[in-house]
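These notes are about the structure you will find just below.
The values are calculated or read from the model by the stated rules, or taken from the named source; none is laboratory data. Note that this is a predicted model, so its numbers are computed, not measured.
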Amino acid sequence: MMSSRKHSELGQAGIALIIVIAWALTAVVMLTRTLVSAQAIDHKVDSITNSLGEVHDETALVAELQKTEKTSAAILTAAKPLTGMLGHVDEVAKSIDVTTKSINPNAKAINATVVSINGHVPQILATARSIEGTLSTITGQATNIRNNVNAIKGDSAEIQRQTSGEDGIRFHTCGLIATNCQRGAQGSFEYPF
């Protein structure tokens, strides 16, 4: 019996050894899987850590976006009253457009008249220059006439002086026709004729 007991103990020891080896292999497999998973997790943690740095940079952008959003809201609030004004400006602009369209034909007619007048300006200018030349000639002739009149006036004053004195023709004429001639103001004679 001893041999069967030994055999039985050896069989149990072999089974126990197989169980221990199976358990050890299972543990090694599980530990290997855990190690592989841990390495994968480690790589993911590195990736997440790097992304967190980028996210940190992007959170600064979020703060800027919030600031921009506040500024946009303030601009929108300030611009709301302008909406009504823009409508009014649009109406005025449309009215101006209609008025401009009604003025445009008149402006074109006026422009056509101006162009027509402009075509006559050289002829009018030539006539005006001719009139200017004629006026210059007339002015020269009037000056000559005035000078002649002044010369005649001077001559007649001299004639009157010569004929009115005591030695003049008028004095002698008084004696011929037997009329009294009287001396007037400034030494001249007053004659009845």
Against the definition (of a type in the set (A, V, I, L, M, F, W, C), assigned to a helix (DSSP H, G or I) and under 32 Å from the mean Cα position of the chain (by Cα)), how does I124 come out, yes or no? no
Does G119 fit the bill of being modelled with pLDDT under 75 and more than 26 Å from the chain's Cα centre (by Cα)? no
